[in-house]
Each structure stands twice: as structure tokens, then as C-alpha cells.
Amino acid sequence: MKKKARAEKNYKFTGKKHSGPGAAALVFSFAPLVMFVYAVFVSYRKGGQAQETIGCIGIVAVLAALMTLRVSVREARKENVLKRVPVAGAVMSVLMLAGWTAVYVIGWMGL
């Protein structure tokens, strides 16, 4: 009976803590998404003729995604750290890298 009560209260007996840099990487991994939304807005406002602007925004977004991916992976490899937050940051960074890579490939192909 005691085990069931303990499971219902969701106690966690561990010495692991959340990683500060991992949490920061998760927050900053949303920056490329915000930049993507801004790039779409700029492109819409200029009638689809914002190639240089979108290129500059994209380069900054890719660099931000690479930086957050690096920090997330580094923090996820540490031993006494809860892995959920850094892994979420890494996943978000990889998704943003894939999205911006698609934007660049579409731009190079001229679609």
C-alpha cells in the first residue's frame, strides 16, 4: 500500500538537477523559429523579393541553431544532469537546422 501512495505523489529520489546551460539552450533554440516567422513576414511585405534579407536572417538562424545544438549535446552528456531539457533543446535545434536547410535548398533550386 505504501508503494502505491508514493507513486501517486510522484516523488523523485535522485541527486540529479536541471542543467542551467541546457535550459538556456532550449530557450534559445526557439530563436531560429522566431527568425523564420520574421523572414516570412519580411518576404510577404516585400512581395517575395527579399532574397538578401532572408539570406542574412537565415545565416544568423543557422548559427544560432548550431550553437544551441552544441550546448545541448554538451549538457546532455554530463552525468548528474536530468537529460530531458538538453535533449529537447537538441531536438528543436536539429528541426530548425533541417527547416533552414530546406529554405536554402529551395532558394538555390529556384522554386
Scan of segment 29-58 for residues that are of a type in the set (A, V, I, L, M, F, W, C) and within 15 Å of the chain's Cα centre (by Cα), ordered by number: Phe30, Ala31, Leu33, Val34, Met35, Phe36, Val37
Check segment 32-40 and report whether any residue there is of a type in the set (A, V, I, L, M, F, W, C), crowded, with 20+ Cβ neighbours inside 10 Å and assigned to a helix (DSSP H, G or I). yes
Test for Val27: is it assigned to a helix (DSSP H, G or I) and exposed (fewer than 15 other Cβ atoms within 10 Å of the Cβ): yes
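Read-outs throughout are calculated quantities, based only on the coordinates presented, and are distinct from any laboratory measurement. Keep in mind that this is a model prediction, so the values were computed, not measured. Cβ atoms come from the backbone with ideal geometry, glycine included; neighbour counts cover every protein chain shown.
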